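Down below is the structure, laid out as structure tokens.
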Amino acid sequence: MTGQQQRIVVLGAGYAGLSAARRLASKARDAAITVVDTRAEFVERVRLHQAAAGQSIGRWDLRELLERKGAEFVRARVTELDPDAKQVRLDGEWTIGYDTLVYALGSAADRTSVPGVADYAHSVATPEDVRALPAGPVIVVGAGSTGIELAAELAESHRDSQVTLLGSEEPGGWLSARAVEHIRSGLTALGVEIRSGVKVAEVLPGGVRLVDGTVVPAAAVVWTAGFTVPALARRAGLAVDEQGRIRTDETLRSVSHPDIYAAGDAALIDGPGGRPLRMACATALPTGSYVARAIVTRARGTEPEPMTFRYHLQCISLGRRDAVIQFLDADDTPATRVLRGRTGAWVKERIVRFAGSAAGMR
Ligand SMILES: Cc1cc2nc3c(=O)[nH]c(=O)nc-3n(C[C@H](O)[C@H](O)[C@H](O)COP(=O)(O)OP(=O)(O)OC[C@H]3O[C@@H](n4cnc5c(N)ncnc54)[C@H](O)[C@@H]3O)c2cc1C
């Protein structure tokens with residue numbers, strides 16, 4: 001773009017949006033970069049299970065952080081996207097225009113798939129969701145990474161409360177046999193009761209009802225089974241998948257609206273073996289950074305190389321002193337190599353800290 005200043009607007013200041021904004025601010029010095037988020041602070045989302053267990057986690061002032069990097073910060077909720085007018089509508093009824101948009105609005109808990117979740121279940125998907133749990137037995141629903149990490153953290157911090165991890169699959173069942181075995185023994189050592197092969201039909205004020213009719217009582221139910229993304233892209237007529245994630249080409253542009261790029265949880269991006277990249281911080285950081293590179297390259301009149309990406313590790317903490325680090329092959333299948341115990345916990349902690357610095361926090 002020549003003659004006039006390019007206006008780049010980044011929606012969302014999570015891991016993806018911040019990694020894009022940070023790189024844009026340093027490489028696209030002629031452009032005006034604006035970042036929009038409803039929150040005043042960046043909160044480490046990958047530590048929300050720790051926050052739910054009563055630990056304090058890092059918070060950084062977004063305005064200060066972004067202005068230090070040379071980007072403008074607007075604290076507002078994005079309410080509508082108008083790709084024809086190239087405008088974003090914010091609450092308070094005002095709009096901002098863009099030449100290039102980065103859509104990085106992330107994800108939240110899916111509270112609609114099972115009755116009672118919206119009314120009675122807690123969640124740890126966003127900072128706003130995390131609230132003190134009442135004393136007494138806790139059921140964590142969902143045996144994916146978030147459910148495993150949360151059950152372990154709660155059991156370690158609240159030794160007197162019974163924690164039950166409920167899920168249709170074996171915890172970590174997608175990993176190698178060594179990792180699955182260690183997750184089971186680590187959780188059991190912390191006192192977590194594991195109930196696999198069960199499905200929740202309804203969340204009740206004091207527990208859950210399973211599909212076979214059994215009622216499992218609890219003082220609190222925490223829902224970690226499923227995430228959803230904002231409906232803005234779908235409402236705006238962009239090409240999205242059934243969840244509402246923006247369909248992207250090999251340079252992470254929307255396939256229907258090429259002046260819009262997408263990164264992180266809200267983007268549908270082809271990964272190893274033709275499968276979509278996971279909703280993970282491990283995806284959000286490199287995709288945010290790649291988007292910034294692609295925008296800068298195109299602004300200089302060159303076509304960017306397609307994004308290439310593979311995962312090397314998957315890390316699951318089991319409290320503060322144990323974790324499983326699963327090495328992955330290039331096709332994203334679990335390798336035999338696994339780190340466990342204190343070494344695993346050390347590696348996981350370093351990776352979480354690195355993620356914070358990569359997003360610009362340290
Ligand atoms: C408890 C927990 C533990 C996790 N642990 C790991 C882990 O160990 N490793 C890993 O790789 N991943 C982990 N994840 C997943 C990881 O946190 C997400 O994949 C990652 O945060 C996605 O980054 P993002 O930038 O796409 O979205 P987000 O981090 O969700 O950021 C999106 C931003 O958009 C803003 N926003 C949303 N809607 C609007 C709107 N309408 N207007 C304005 N702003 C808006 C939000 O306020 C937010 O700041 C974990 C998740 C949870 C919940």
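Only the coordinates and a few stated rules stand behind these numbers; no lab work does. In this text, all values refer to a predicted model and were calculated from it rather than measured experimentally. All Cβ positions, glycine included, derive from the backbone under ideal geometry; neighbour counts span all protein chains shown.
Quick notes on this one:
- Partner aspartates and glutamates whose Cα lies under 18 Å from the Cα of residue 27, excluding those fewer than 8 positions away in the same chain, are identified as 67, 72, 99, 303, 305.
- Relative to the longest principal axis of the Cα atoms of the chain, the long axis of helix 341-358 makes an angle of roughly 20 degrees.
- Residue 5/residue 350 FRET efficiency (R0 41 Å; Cβ-Cβ; nearest 0.05): 0.55
- Euclidean distance between Cα centres, the range 122-192 to the range 203-253, Å: 18
- Here 307, 279 are placed in order of increasing Cβ neighbour count within 10 Å, fewest first, which gives 279, 307.
- Remark: spin-label model distance residue 219-residue 30 equals 6.2 nm, labels positioned 7 Å along the Cα→Cβ axis.
- Where labels lie 7 Å past Cα in the beta-carbon direction, separation of residue 327 and residue 77 in nm: 4.7
- Extension reserve of the residue 202-residue 302 stretch, reckoned as 0.36 nm per residue once the Cα distance is removed: 30.6 nm
- Zone residues, the range 149-166, relative to residue 212, backbone N less than 20 Å from point 7 Å out along Cα-to-Cβ: 164-166
- Counting charges near residue 27 (Lys, Arg +1; Asp, Glu -1) among other residues having Cβ under 11 Å from its Cβ returns a value of +4.
- Folded to 0 to 90 degrees: helix 15-27 orientation relative to the chain principal axis, Cα: 30
- Annotation: aspartates and glutamates with alpha-carbon distance below 16 angstrom to residue 348 (same-chain offsets under eight excluded): 44, 149, 153, 322.
- Looking at the chain alone, DSSP beta bridges between its own residues are antiparallel in about 50 percent of cases.
- Across the range 35-40, rounded Karplus estimates of 3J(HN,Hα) from the backbone phi angles (6.51 cos²θ - 1.76 cosθ + 1.60, θ = phi - 60°) give 10, 10, 8, 6, 8, 7 Hz, Gly and Pro being marked x.
- Shown in residue order for the range 189-195 are the 3J(HN,Hα) couplings computed by the Karplus curve 6.51 cos²θ - 1.76 cosθ + 1.60 at θ = phi - 60°: 4, 7, x, 6, 8, 9, 10 Hz (x for Gly and Pro).
- With contributions of -39500 (n - 2.57) from each DSSP H run of at least four residues, the per-residue ellipticity at 222 nm computed over the chain stands at -8000 deg cm²/dmol.
- Coupling constants for the range 260-272 follow from the phi torsions by the Karplus curve (6.51 cos²θ - 1.76 cosθ + 1.60, θ = phi - 60°), and in residue order they are 10, 9, 10, 8, x, 4, 8, 10, 9, 10, 5, x, x Hz; glycine and proline get x.
- Once the chain from residue 275 to residue 39 is taken as fully extended at 0.36 nm per residue, the excess over their C-alpha distance is 81.8 nm.
- Put simply, the convex hull of the Cα atoms in the chain casts, on average, a shadow of 17.9 nm².
- For the residues 136, 172, 186, a GNM of the chain with alpha-carbon springs under 10 Å puts the largest fluctuation on 136.
- Amide H contacts under 5 Å for residue 202: 209, restricted to partners 5 or more places along the chain or on a different chain, H placed in the peptide plane at 1.01 Å from N.
- Rounded tilt (10° steps) of 281-299 against the dominant C-alpha axis of the chain: 10
- Rounded to the nearest 20 debye, the dipole size of the range 109-226 about its Cα centre is 140 debye, using +1 on the Cβ of Lys and Arg and -1 on the Cβ of Asp and Glu.
- Percent of alpha-carbon pairs separated by more than 18 Å within the range 109-226: 46
- Likely footprinting exposure, 290, 98, fewest C-beta neighbours within 10 Å first: 98, 290
- Hypothetical label at residue 195: residues of the range 46-70 whose amide nitrogen lies under 16 Å (7 Å Cα-Cβ projection): none
- Highest-first arrangement of 107-117, 87-97, where packing means the average Cβ count within 10 Å: 107-117, 87-97
- Dipole magnitude for the chain: computed about the Cα centre from +1 point charges on Lys and Arg Cβ and -1 point charges on Asp and Glu Cβ, it is near 1020 debye.
- Here the convex hull built on the C-alpha positions of the range 35-129 has a volume of 138 cubic angstrom per residue.
- Sorted by Cβ density within 10 Å, fewest first, the residues 322, 119: 119, 322
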